[in-house]
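Engineer: Sharing a structure here in C-alpha cells format.
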Amino acid sequence: MKKLFAAAMAVLSFAAFAQSYPSKPITIVVPFVAGGPTDRVARDLAEAMRKPLGDVSIIIENVLGAGSSIGSNKVAKANPDGYTILLNHIAMASMPNLLRNMPFKIDSDFEYLGMINDVPMTVITRPTMPAKNFKELRDWLNANKGKINLGNAGIGSASHLCGLMFQNAVQVDMTSIPYKGTAPAMTDLIGGQIDLMCDQTTNTSAQIEAKKVNAYGVTTAKRLTTPALKDIPTLQEDGLKGFEVTIWHGLYAPKGTPPDVVTKLNTALKAALKDPDFIKKQEALGAVVITDKRVEPAEHKKFVAAEIAKWGPVIAAAKEYID
Ligand code: ASP
C-alpha cells in the first residue's frame with residue numbers, strides 16, 4: 001500500500017512538474033564557439049522557441065572542445081528536467097565513430113527532441129588564393145602538396161568531415177588546423193593564415209557575398225538558390241563525382257526528461273520551424289528548415305542511427321581517432 005502511494009505521488013509530482021514547465025530560463029548548450037554557424041542556428045532558434053514556450057528566457061552556453069563531445073557530455077549528465085538541452089549537428093553521428101572512449105551513449109543517454117535544419121557546405125579559400133576557378137584550384141593544390149593548411153572545428157566536426165571527404169576526392173593530403181569552432185577559423189582564413197576550409201553556409205554566405213573569401217563549390221547535388229550562393233558550382237559539376245554532404249542540426253535533452261516536457265519542447269521546436277521570421281533567416285544563410293517527419297523525436301533518432309552507419313567507413317578510412 002505504501003509503495004503504491006509513493007508511486008502515485010511520484011506520478012502526480014511528475015505531472016505537476018511538467019504542467020508548470022518551463023518556469024525558469026532554459027539553457028541550450030552549444031558545443032562550438034560563439035559567433036560560428038552552430039551558435040548562429042542556436043541563437044535564431046532560441047528566439048523562435050521563446051514565445052511558444054510561454055516567453056521563457058533561453059540562454060545559450062558555449063561549451064567547447066574535443067569535437068563537441070565535452071558540451072554533449074555535459075548535457076548527457078545534466079539534470080533531466082528540461083532546463084539544460086543540447087543543440088548539436090552531424091557530430092552526433094561522427095562522435096560514436098571517432099571517440100575510442102565515448103563518455104556517453106548517443107542512443108541511450110538522450111531524449112531526442114527533433115531535427116532543426118539541413119545546411120549545405122561550401123569549399124572556400126583565403127582571398128589571396130590565385131586560383132580563379134575550381135580547375136585552377138586543383139592545379140594549385142597539386143602544385144602545393146605538403147604545404148596546404150586546412151582549417152576545421154576539431155576532429156569530428158562538420159568541417160573536419162567535409163575536409164576528409166575533400167582531401168579524398170582531390171587526392172591531396174592537407175595539414176589539419178583545428179579550432180574550437182569555425183568562427184575563429186574563418187578569421188584566420190580571411191587573414192590568410194590558413195588556405196582552405198569547408199564549412200556550413202550559415203557561416204560562409206555573408207563572407208562569400210562580401211568577397212572576403214573565395215568560393216569554389218557547394219556540397220549539394222543542385223546549385224543553391226540563396227542569392228549569395230547561387231553562382232557557386234556544385235562540387236559534382238566541378239568534377240568530384242558523388243560529392244554530397246549536408247549538415248543537419250538537432251535538439252537533445254538528457255535521458256529521463258519527463259515525456260510531457262519532451263513533448264513541450266518538441267511542440268515549441270515545430271512552432272519555431274513554422275515561424276516565417278526563422279525560416280527567412282535560415283533561407284538567407286542557405287539552410288533549409290525541416291518540414292518532414294525527422295522533426296519527430298523517434299524519426300530523428302532513426303535518422304541519427306542511419307547517419308552513424310553512413311559515416312563509419314569515411315572515418316575508418318581516414319584513421320583519425322580521439323583517445
Ligand atoms: N562549423 C563548425 C563545424 O565544422 C561548428 C561551429 O563552429 O559551429 O562543425
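The values are calculated or read from the model by the stated rules, or taken from the named source; none is laboratory data. Computed from a predicted structure; not experimentally measured. We place every Cβ from the backbone using ideal geometry, glycine too, and count neighbours over all the protein chains shown.
Engineer: Any chance the stretch 311-319 includes a residue that's free of Cβ contacts under 8 Å to residues at least 60 places away in the same chain and either exposed (fewer than 14 other Cβ atoms within 10 Å of the Cβ) or not in a strand (DSSP E or B) (or both)?
Structural biologist: Taking every residue of the stretch 311-319 in turn, at least one turns out to be free of Cβ contacts under 8 Å to residues at least 60 places away in the same chain and either exposed (fewer than 14 other Cβ atoms within 10 Å of the Cβ) or not in a strand (DSSP E or B) (or both).
Engineer: Being touching a helix residue (DSSP H, G or I) at 6+ places or on another chain (Cβ under 8 Å) and more than 9 Å from the ligand (Cβ to nearest atom) is the filter here, so list the residues in the stretch 35-50 that pass it.
Structural biologist: Asp44, Leu45, Glu47, Ala48, Met49, listed by residue number.
Engineer: Taking Pro254 as the residue in question, decide whether it is crowded, with 20+ Cβ neighbours inside 10 Å and more than 19 Å from Leu161 (Cβ to Cβ).
Structural biologist: Details: crowded, with 20+ Cβ neighbours inside 10 Å: yes; more than 19 Å from Leu161 (Cβ to Cβ): yes.
So Pro254 passes the test.
Engineer: For the stretch 26-96, which fully contained strands (runs of 3 or more DSSP E) count at least 1 residues that are touching a His at 6+ places or on another chain (Cβ under 8 Å), under 26 Å from Ala306 (Cα atoms) and of a type outside the set (A, V, I, L, M, F, W, C)? I'd like the intermediate steps shown before the answer.
Structural biologist: Working: elements: 26-30, 58-62, 84-88.
In the stretch 26-96, the matching strands (runs of 3 or more DSSP E) lie at 84-88.
Engineer: OK, next. What residue, among those in the stretch 232-249 that are among the β-branched types (Val, Ile, Thr) and in a loop (DSSP other than H, G, I, E, B), is farthest from Gly36 (Cα to Cα)?
Structural biologist: First, the residues of the stretch 232-249 that are among the β-branched types (Val, Ile, Thr): 232, 234, 245-247.
Narrowing the set further to residues that are in a loop (DSSP other than H, G, I, E, B) leaves 232, 245.
Details: Ile232: 22, Val245: 19 Å.
Within the stretch 232-249, the match that is farthest from Gly36 (Cα to Cα) is Ile232.
Engineer: Being touching a residue at least 40 places away in the same chain (Cβ under 8 Å) and outside any loop (DSSP other than H, G, I, E, B) is the filter here, so list the residues in the stretch 139-156 that pass it.
Structural biologist: Asn149, Leu150, Gly151, Asn152, listed by residue number.
Engineer: Can you tell me which residue within the stretch 228-240, out of those that are touching a helix residue (DSSP H, G or I) at 6+ places or on another chain (Cβ under 8 Å) and not small (Gly, Ala, Ser), is surrounded by the fewest Cβ atoms within 10 Å (Cβ to Cβ)? Quick ask: steps written out before the conclusion?
Structural biologist: Within the stretch 228-240, the subset touching a helix residue (DSSP H, G or I) at 6+ places or on another chain (Cβ under 8 Å) is 228-229, 232-233, 235, 238-240.
Then drop every residue that is not not small (Gly, Ala, Ser), which leaves 229, 232-233, 235, 238, 240.
Values: Leu229: 21, Ile232: 27, Pro233: 15, Leu235: 29, Asp238: 21, Leu240: 20.
It comes out as Pro233.
Engineer: Moving to a separate point now. Counting only residues that are more than 14 Å from His160 (Cα to Cα), crowded, with 21+ Cβ neighbours inside 10 Å and of a type outside the set (A, V, I, L, M), how many does the stretch 185-199 have?
Structural biologist: 1
Engineer: Restricting attention to the stretch 161-168, does a residue exist that is assigned to a strand (DSSP E or B), more than 10 Å from the ligand (Cβ to nearest atom) and surrounded by fewer than 19 Cβ atoms within 10 Å (Cβ to Cβ)?
Structural biologist: no
Engineer: Ala169 fails exactly one of the following numbered conditions: (1) out of contact with any helix residue (DSSP H, G or I) (no Cβ under 9 Å at 6 or more places or on another chain); (2) modelled with pLDDT of 95 or more. What is the number of that condition?
Structural biologist: With (1) out of contact with any helix residue (DSSP H, G or I) (no Cβ under 9 Å at 6 or more places or on another chain); (2) modelled with pLDDT of 95 or more applied to Ala169, the lone miss is (2).
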